[in-house]
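The structure appears right after this line, and notes come after that.
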Amino acid sequence: MKFRVVASLVVLLAAPNHAQEKAPGPVFPVEAELLADDPFEGAEGIAFNGEGDLYVTANKALWQVHPDGKVRHVTDLYSNLGLASIGKRDLLVADFGPTNAFQHDRNSDGIIWRITPEGEKAEYATGFGDPNFVLLRRDGSLLVTDDATADIYVVGADSKPLLFSTAVNHPNGIVLSDDESTLYVAQIFKSIRPVVPDDSLWSIPLENGQPVGAARLVARLGPYAANDGLAMDREGRVYIAANGEAGEVWRFDPTTADLVLIARNVYGAASIAFGEGEFDHRSIYLSTTFNRGRGGKIWRIPVGVEGQPVNR
């Protein structure tokens, strides 16, 4: 009797546990799936609000994009730049304002708007040059990049922008590690007059929310990449939109320094957001800017992992 019990235990332990086996992930690079391209000529910012609805900036306006690809106009803007979720429903939207350093002189008429899904718009912060990317931190402060300069601003409860860092020239997308000890910064240009793209990804060490050391170059994507938007998955890996001729999305692993090509043929790759709500949570959603008539599209790209939790 004892022998039979022991034998059955051996068989049980030796049997494979299919319930705990992981499903195979995507084989990269994957094919991107077109979600929406009408009526956009060029798109830039992309984010989900607290209700899991998808929003993009395109054609100098804010739009909602539904899971079936249909779009709804929310409100007009001066320009198409980055956005972030705040609170249960609203969005923070970066806007160059009436002028910008690419077409005019350096200025201070940039705006961060707070916009409701119904299109109610209020100035959240002003006094920037050309704000591009918006990141909300756990403490409620914002980090805002100005890609026409080397400026990254911090905006606190008084809504006044203060200079946070000038360590990276022409910063665009930014993302924080989960413990907020490292800020990753995408450098999009070497210069803007003339416009010369760059392919550098930098890290800036932080302590108590402030930079404490020099920026470190951690990855390069190759000539003409023009690094734009960034996002991070739950495993701490950074996704990089290559806005230039490459039309690619890459993934950088800070632990191993490995670079993986996630998708290609997404020309003008701009901003990245992980799916929420009714959208696939194990996919990234990508906006694309103007790129010789091939931009303005919104793509879904399966990556097999969920995104880093978003601060609201």
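Quick note: the coordinates plus some simple rules give every number you see, no bench work behind them. Quick caveat, the model's predicted, so the values are computed rather than measured. Every residue, glycine among them, receives a Cβ derived from its backbone with ideal geometry; neighbour counts consider all protein chains shown.
Just list whichever of Lys60/Lys88; Lys70/Lys190; Lys121/Lys190 have alpha carbons separated by over 30 Å in the model shown.
In this structure, Lys70/Lys190; Lys121/Lys190 lie more than 30 Å apart at Cα.
Listing Ser191, Ser79, Ser177 from the residue with the fewest other Cβ atoms within 10 Å to the one with the most, what is the order?
The order, fewest Cβ neighbours first, is Ser191, Ser177, Ser79.
For Val196, put the label point 7 Å out on the Cα→Cβ axis and report which residues of segment 234-259 keep their amide N under 20 Å from it.
Only 243-246 fall inside the zone, counting backbone N under 20 Å.
Mind checking which of Ile86, Ile272, Ile152 has the largest fluctuation in a GNM of the chain, springs on alpha carbons under 10 Å?
Ile86
Please state the Cα pair-distance histogram of segment 156-299 with 10 angstrom bins from zero: what percent is in each bin?
12, 40, 34, 13, 0
Calculate the dipole size of the chain relative to its Cα centre from +1 charges on Lys and Arg beta carbons and -1 charges on Asp and Glu beta carbons; express the result in debye to the nearest 20.
740
Answer with a single label: of [x] 36, 22, 20; [y] 34, 21, 18; [z] 40, 22, 18, which was calculated as semi-axes √(5λ) of the Cα gyration tensor in Å from the structure in view?
Of the listed options [x] 36, 22, 20; [y] 34, 21, 18; [z] 40, 22, 18, [x] comes from this structure.
Given Cα pairs under 8 Å that are at least 6 residues apart, what percent is the relative contact order of the chain? If you can, show how the numbers build up before the last one.
Working: 903 pairs, mean separation 49.7, N = 312.
Reported as a whole number, the value is 16 percent.
Using Cβ contacts closer than 10 Å as the measure, can you line up Glu44, Glu235 from fewest to most?
Glu235, Glu44
Quick one: net charge around Ser283, please, counting Lys, Arg +1 and Asp, Glu -1 for every other residue with C-beta under 14 Å from its C-beta.
Numbers: positive: Arg234, Arg251, Arg282, Arg300; negative: Glu31, Glu33, Asp233, Glu276, Glu278, Asp280, Glu306.
Result for the neighbourhood of Ser283: -3.
Distance between the C-alpha centers of segment 40-87 and segment 115-174? Whole Å please.
So the two Cα centres are separated by 18 Å.
In the neighborhood of Gly69, defined by Cβ-to-Cβ distances under 15 Å, what is the net charge if each Lys or Arg adds +1 and each Asp or Glu adds -1? Each step should come with its number before you reach the end.
Numbers: positive: Lys70, Arg72, Lys297, Arg300; negative: Glu33, Asp37, Asp38, Asp53, Asp68, Glu278, Asp280.
Charge balance near Gly69 sits at -3.
Can you give the charge dipole size of segment 117-227 about its Cα centre, rounded to the nearest 20 debye, using +1 on the beta carbon of Lys and Arg and -1 on the beta carbon of Asp and Glu? Working shown, then result.
Numbers: 8 positive and 15 negative charges, 82 e Å.
Charge dipole, segment 117-227, about its Cα centre: 400 debye, nearest 20.
Which of Pro223, Pro197, Pro131 moves the most in a Gaussian network model of the chain with Cα springs under 10 Å?
Maximum among the listed residues: Pro223.
Considering the dipole of the chain built from charges on the beta carbon (Lys and Arg +1, Asp and Glu -1) around the Cα centre, which of Leu77, Val310, Phe133 is farthest to its positive end?
The residue sitting farthest along the positive end of the dipole is Val310.
To make sure I understand, if each residue's beta carbon is the centre and we count other beta carbons within 10 Å, what order do Val260, Val168 fall in, fewest to most?
Details: Val260 14, Val168 26.
Exposure proxy ranking, most exposed first: Val260, Val168.
Where a Cα-Cα gap under 13 Å defines reach, which aspartates and glutamates qualify for Lys297, not counting those fewer than 8 residues away within the same chain?
Answer for Lys297, where 13 Å is the Cα cut-off: Glu33, Asp37, Asp38, Glu41, Glu44, listed by chain and number.
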